[in-house]
Amino acid sequence: MHILQRMSESYRNSRVSKHCNWAHTYLVRNDFAAALDAYQQAARLAPQRAEIYAGCGFARYKLGDLQAAVADFDEAIRLNPKLAQAYVDRGMAYYALGDIPSAMSDFNHAIYLSPKLAVAYNNRALVDEAQGNLSGAISDYSQAIHVDPHYLLAYTNRGYARIDWGDLRGALADLQQYLRLGGGSLNGNQQEVEARIASLRRQMQAQQ
């Protein structure tokens, strides 16, 4: 490759990285419109990068532009059919659109591609729970915790599902573990979870 071509490619890659870094910063700040703009600028410079389209899709999903989000995830998957996170995120967009079969199909495929991707099990459980399949949901939340014992969301989700299932002792253990791992302070719901734990203890005492 000619030296000028190498310099041009290096400069372009540097600009792509800059836009992606800004996009990540905006996502952390919950500024999804700015994140989308940064990802789109990166995509114009590197249209072959699947993860950039996945980023566009995620930002659009957070903005509520669900059909456009699906289109971006479609492109990401076309460019890289093994990008498991794109299936997870497209599944959530389908779920928000009410397309439950497509959502479940995407979560299943994400798990097939990446069996240790905790969020895929967690999100599949959300669909199961919404359909009234509590045993399936609890099983998937448990699998999410098995592959990633620090995946905090699965503890509260499984805890609340266990309450609906009637397993108060299991629910109490999940919520307590969530707090022990620091979930309450990290996610700003310490008091809410503590209140639910206190309520569970009262219920359990009343049943004795």
Which of 35, 161, 46 moves most in a GNM of the chain, Cα contacts under 10 Å?
-> 46
Estimated distance in nm for a label pair at residue 28 and residue 116, the labels positioned 7 Å out from Cα along Cα-to-Cβ = 2.5
Work the Kirkwood hydrodynamic radius out for the chain: mean of 1/r over every pair of different alpha-carbon atoms, inverted, in Å.
-> 18.9
Straight-distance crosslink candidates among aspartates and glutamates, where the alpha carbon sits under 16 Å from residue 18 and sequence neighbours closer than 8 are dropped = 9, 37, 51
Proximal lysines relative to residue 116, as straight alpha-carbon distance under 25 Å, when same-chain residues fewer than 8 apart are discounted | 62, 82
Which of the trypsin sites (Lys or Arg not before Pro) across the stretch 35-83 are loop residues per DSSP, with 13 or fewer other Cβ within 10 Å?
-> 82
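Only the coordinates and a few stated rules stand behind these numbers; no lab work does. All figures in this text were calculated on a predicted structure; none of them were measured in a lab. Positions of Cβ are generated from backbone atoms using ideal geometry, with glycine treated the same way; all protein chains shown enter the neighbour counts.
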